[in-house]
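Asker: Please see the structure below; I have some questions.
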Amino acid sequence: MQQSTGIFQRLIQDLMPYPGRVNQVLRTVLACTLVVIISQTLQIPWLALSLIAVFFVTQTNVVVTRLTGMLFIVAATVAVALSLLLLQVTWNVPLLRILTASAIFLLSVFLMRTSPYGVVFFVVAIVIIYSQSLVDISTDAESVVRSILWVWVSINYAIGITLIVNTLLLPAEPVAHLERAILAQLDVIIRSLELSDPPSRPFTDAGQAGRDMQSLYTLLRYSTMRDEEYRRQESRHLARISTLSELRTLACQLPVVMDTPADRQAAETIRNACRSMRDALLNGTHDAPELPRSTGIENAVLKNMAGVLNDYYYGEQVPHPPLNAKKTGSWFLVPDALSNPRYRVFALKTLFSALVCYLLYTATAWPGTHTIMLTCLIVAQPGLGNVQRKIILRLAGAALCSLIALFYIVFILPHTDSLSGLLMLVVPVLALSAWVASGPESISYAGVQIMFTFSLAVLETFSPSYELTEVRDRIVGIIVGIIIASVVHTVIRPEREGEVLLSRLAELINQVKMGLFRQAGQPYNHLPIMTALAECEALASRVALEPAWNGTEGSHDIVYQRLNGLLLSVISIVMHANRLALLSAQLPEKCRMDGEIVLQACGVRLDEANNWLLGKSDPLFRHGDISLSENLPQEFRQTVTELADAVQHLYRL
């Protein structure tokens, strides 16, 4: 019962509005409405493909929308050209056609997983596999070629409409999006510094902080691509984002209660400085507010926050990642594309499930179930958790929309005989789909599925459709495709991510240890650690979704509970180690030697935890307690003790 309540609460939270969501929904609905009007008036077929192109191309801002639109145009052109070439060469030789299509499909799925341009190959794979169903239901080569050419027209003209709407009518500028995000993060920092008795500051999640900061750097990159002023003053804007990033991550480590009057005064001054930074952003100025002095502040986190603000306003370099960092490896493939067998196995499993579905499709001679093969490709995702989530979203979206389509066909369409009447019926469904699709990844695909299933059932013809078999055939194809894809991905070399999570947690601990032993005077950059922490949390959420029907009862729950416990323990280790790194940089000169000895001992504990997570050390072997000199500050000694306890708690899981 509690689990059901938690799922319902998360669903409600995912459906809540956020800044920019209404604008994105309006852009999507307006572009879809124009596409419906043009397609119905000019009788352009494949309206469902046109609408799905609008949904995929419409993004959070105009820069990403343009980039996605260009990629989709290239993908559609390549896919149609390959399909026509394949039919030209193999029309009269079915076996050669199937083998060649399978080879192209296999390569496309492999590149979909290993190339940064995966969306291009996803479209190629969909068109290739779908064109085979066209050949099997028609013996006329000319009609098949015309159908494939209409696919190119329907996708590309819809992309053109989408780009016009997003550029001219309702542009979502990345600069405005970035400034809203900065203001939101400043509000979080200001609330974290509030002084009240009892304390009422909000809990700040370190993983969420990592995700927020990563999105700020991404938005800044888009802003420099879009805005000339941002390009000219890129260094100043990057310094502001870097300062905000450090303040946001340091705010996660603030104590619940400020012990001394000096710390309370420093917190109030830092809070006022953040308010001044917020006002300066709203007014477009860069005036330096009254800043706190680092001297006299006892709390290490507040002292570092004061130092970050002083460095920003007085010209010191704040550590930040390069905005356009060069990635290692090929520009076309990920570094381990050819060495990691996961990618090859993933492509082979997807091809195998698609061929099994193709066999059922041709053996039953049931043309309406062509969604069976598309389902195998759509639900194919890296990791069993992602596959399970895509299956749930596709099935839920298709089931909900089938009910809506049945209601429309039976009760409303018989009384509708004009385009305006059709729009009055279609626009609410498009708005619902766009709202869900603009949500987080946990629900977004359900919105696309609602729109696609509805358009296949109601909008495929240029006159009112009263055929209930269309809805039945689509849902049958989806369900059978889901069953086959689920069995294949779960039984044949299942790509479970539990071991990957342990490896990432070990890498995270190693990153923290390297921060303890940075060179003197080198600033401590929290962003990589917080970003890695956010990635580990996302990985753990995917592990929770992995299917367990092929294991013993309760085994998956036990494994997930242990992995979740390990994640929480590592988060505790990270937070204590970060705090220790801040304290070590502020040790008095007379305590430096003792501090170095303690840090070396902590480094040994972290190395041991790293090896234990990777299964390289004996879990029964433990070092003794860390010897702490009385000369060391009380806060330093307490943090070392808490770090050692966090490591010991890790071993007990």
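The values are calculated or read from the model by the stated rules, or taken from the named source; none is laboratory data. Fair warning: this is a prediction, and the values are worked out from it, not measured in the lab. Positions of Cβ are backbone-derived with ideal geometry, glycine not excepted, and every protein chain shown enters the neighbour counts. Note: areas computed on protein heavy atoms with side chains; ligands, DNA, RNA excluded. Shrake-Rupley method; radii C 1.70, N 1.55, O 1.52, S 1.80 Å.
Asker: Out of segment 335-392, which residues are among the β-branched types (Val, Ile, Thr) and farther than 24 Å from Ala457 by Cα?
Answerer: Of everything in segment 335-392, those that are among the β-branched types (Val, Ile, Thr) and farther than 24 Å from Ala457 by Cα turn out to be Val345, Thr350, Val356, Val387.
Asker: What residue, of Leu360, Leu403, Leu422, is in contact (Cβ under 8 Å) with a residue 24 or more places away in the chain, part of a helix (DSSP H, G or I) and open to solvent by 40 Å² or more (accessible area, probe 1.4 Å)?
Answerer: Going through Leu360, Leu403, Leu422 in turn, the sole match is Leu360.
Asker: Moving to a separate point now. Give just the number: which of (1) buried (at least 16 other Cβ atoms within 10 Å of the Cβ); (2) at pLDDT below 90; (3) not β-branched (Val, Ile, Thr) does Pro116 not satisfy?
Answerer: Pro116 satisfies all of (1) buried (at least 16 other Cβ atoms within 10 Å of the Cβ); (2) at pLDDT below 90; (3) not β-branched (Val, Ile, Thr) except (1).
Asker: Looking for whichever is open to solvent by 40 Å² or more (accessible area, probe 1.4 Å) and β-branched (Val, Ile, Thr) here; the options are Val135, Val124, Val145, Val109. Which one fits? Give the derivation first.
Answerer: Details: Val135 fails: open to solvent by 40 Å² or more (accessible area, probe 1.4 Å); Val124 fails: open to solvent by 40 Å² or more (accessible area, probe 1.4 Å); Val109 fails: open to solvent by 40 Å² or more (accessible area, probe 1.4 Å).
Just one listed residue meets the conditions, Val145.
Asker: Just to verify a result, which residue in segment 429-472, among those that are within 17 Å of Ile378 (Cβ to Cβ), out of contact with any Leu (no Cβ under 7 Å at 6 or more places or on another chain) and without any contact (Cβ under 8 Å) to a residue 60 or more places away in the chain, is surrounded by the fewest Cβ atoms within 10 Å (Cβ to Cβ)?
Answerer: So the residue we want is Glu441.
Asker: Is one or more of the residues making up segment 492-501 within 24 Å of the chain's Cα centre (by Cα), in a helix (DSSP H, G or I) and without any contact (Cβ under 8 Å) to a residue 12 or more places away in the chain?
Answerer: yes
Asker: Hey, another quick one. Among Ala172, Ala176, which is assigned to a helix (DSSP H, G or I) and under 25 Å from the mean Cα position of the chain (by Cα)?
Answerer: Ala176
Asker: Of the residues in segment 307-347, how many are touching a Leu at 6+ places or on another chain (Cβ under 7 Å) and at pLDDT 80 or above?
Answerer: 4
Residue-by-condition table, conditions (1) assigned to a loop (DSSP other than H, G, I, E, B); (2) modelled with pLDDT of 70 or more; (3) within 26 Å of the chain's Cα centre (by Cα):
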{"residue": "Gln519", "(1), (2), (3)": "yes, no, no"}
{"residue": "Cys536", "(1), (2), (3)": "no, yes, yes"}
{"residue": "Pro547", "(1), (2), (3)": "yes, yes, yes"}
{"residue": "Gly565", "(1), (2), (3)": "no, yes, yes"}
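Asker: Would you mind finding the one in Arg278, Arg293 that is modelled with pLDDT of 85 or more and either over 10 Å from Met305 (Cβ atoms) or acidic (Asp, Glu) (or both)? Even if it seems obvious, please write down each step before you answer.
Answerer: Values: Arg293 fails: modelled with pLDDT of 85 or more.
Of the residues listed, the single one that is modelled with pLDDT of 85 or more and either over 10 Å from Met305 (Cβ atoms) or acidic (Asp, Glu) (or both) is Arg278.
Asker: Name the pairs whose Cβ atoms lie under 6 Å apart, with the first residue in segment 205-218 and under 18 Å from Leu539 (Cβ atoms) and assigned to a helix (DSSP H, G or I), the second basic (Lys, Arg) and modelled with pLDDT of 85 or more, and 6 or more positions between them or separate chains?
Answerer: Sorted first by the residue in segment 205-218, then by its partner, the pairs are Ala209/Arg248.
Asker: Would you list the helices (runs of 4 or more DSSP H) that sit entirely within segment 46-142 and hold 2 or more residues that are farther than 27 Å from Leu430 by Cβ?
Answerer: Fully inside segment 46-142 and qualifying: 62-90, 94-114, 118-136.
Asker: Which of (1) open to solvent by less than 40 Å² (accessible area, probe 1.4 Å); (2) farther than 22 Å from Thr249 by Cα; (3) of a type in the set (A, V, I, L, M) does Leu583 not meet, given it meets every other one?
Answerer: For Leu583, the exception is condition (2).
Asker: If Pro382 meets every condition in (1) touching a helix residue (DSSP H, G or I) at 6+ places or on another chain (Cβ under 8 Å); (2) assigned to a helix (DSSP H, G or I); (3) over 19 Å from Met451 (Cβ atoms) apart from one, which number is that one?
Answerer: Tallying (1) touching a helix residue (DSSP H, G or I) at 6+ places or on another chain (Cβ under 8 Å); (2) assigned to a helix (DSSP H, G or I); (3) over 19 Å from Met451 (Cβ atoms), Pro382 fails exactly one: (2).
Asker: Could you grab the pairs with beta carbons closer than 8 Å, sequence gap of 6+ or different chains, first residue in segment 580-598 and on the phi < 0 side of the Ramachandran plot and assigned to a loop (DSSP other than H, G, I, E, B), second one open to solvent by 40 Å² or more (accessible area, probe 1.4 Å) and among the basic types (Lys, Arg)?
Answerer: Once the first residue is on the phi < 0 side of the Ramachandran plot and assigned to a loop (DSSP other than H, G, I, E, B) and sits in segment 580-598, its partners that are open to solvent by 40 Å² or more (accessible area, probe 1.4 Å) and among the basic types (Lys, Arg) give Gln586/Lys303.
Asker: Scan segment 88-105 and tell me whether some residue there is of a type in the set (Ser, Thr, Tyr), farther than 19 Å from Tyr361 by Cβ, in contact with a helix residue (DSSP H, G or I) (Cβ under 9 Å, 6 or more places away or on another chain) and at pLDDT below 90.
Answerer: no
Asker: Being over 30 Å from Leu42 (Cβ atoms) and among the polar types (S, T, N, Q) is the filter; apply it to segment 157-196 and report the residue that is surrounded by the fewest Cβ atoms within 10 Å (Cβ to Cβ).
Answerer: Across segment 157-196, the extreme among qualifying residues is Ser196.
Asker: I'd like the residue in segment 596-653 that is at pLDDT 80 or above and of a type in the set (Phe, Trp, Tyr) and, out of all such residues, is surrounded by the fewest Cβ atoms within 10 Å (Cβ to Cβ).
Answerer: Taking the candidates together, the pick is Tyr651.
Asker: Which residue is farthest from the chain's Cα centre (by Cα), if the candidates are limited to segment 220-235 and must be within 14 Å of Leu281 (Cβ to Cβ) and in contact (Cβ under 8 Å) with a residue 40 or more places away in the chain?
Answerer: Tyr230
Asker: Within segment 128-163, how many residues are of a type in the set (Val, Ile, Thr), more than 14 Å from Ser50 (Cβ to Cβ) and in contact with a helix residue (DSSP H, G or I) (Cβ under 9 Å, 6 or more places away or on another chain)?
Answerer: Here the count works out to 7.
Asker: Here is a further query. With the condition kept exactly as written, say whether any residue in segment 233-252 is open to solvent by 40 Å² or more (accessible area, probe 1.4 Å), under 21 Å from His526 (Cα atoms) and hydroxyl-bearing (Ser, Thr, Tyr). Break it down stepwise before answering.
Answerer: From segment 233-252, those open to solvent by 40 Å² or more (accessible area, probe 1.4 Å) are 233-236; that's our starting set.
Next, only the ones that are under 21 Å from His526 (Cα atoms) stay: 235-236.
Adding the requirement that they be hydroxyl-bearing (Ser, Thr, Tyr) leaves 235.
Yes; the residues of segment 233-252 include at least one that is open to solvent by 40 Å² or more (accessible area, probe 1.4 Å), under 21 Å from His526 (Cα atoms) and hydroxyl-bearing (Ser, Thr, Tyr).
Asker: Look through Thr68, Thr90, Thr100 and report the one residue that is of a type in the set (Ser, Thr, Tyr) and under 30 Å from Ser223 (Cβ atoms). First the steps, then the outcome.
Answerer: Working: Thr90 fails: under 30 Å from Ser223 (Cβ atoms); Thr100 fails: under 30 Å from Ser223 (Cβ atoms).
From the options Thr68, Thr90, Thr100, the qualifying one is Thr68.
Asker: Please work out which residue is farthest from Met112 (Cα to Cα), limiting yourself to segment 35-73 and to residues that are in contact with a helix residue (DSSP H, G or I) (Cβ under 6 Å, 6 or more places away or on another chain) and either of a type in the set (Phe, Trp, Tyr) or open to solvent by 60 Å² or more (accessible area, probe 1.4 Å) (or both).
Answerer: Ranking the candidates gives Trp46 first.
Asker: Looking for something open to solvent by 70 Å² or more (accessible area, probe 1.4 Å), within 30 Å of Gln185 (Cα to Cα) and of a type outside the set (Asp, Glu) - is there at least one such residue anywhere in segment 78-97?
Answerer: No: zero hits.
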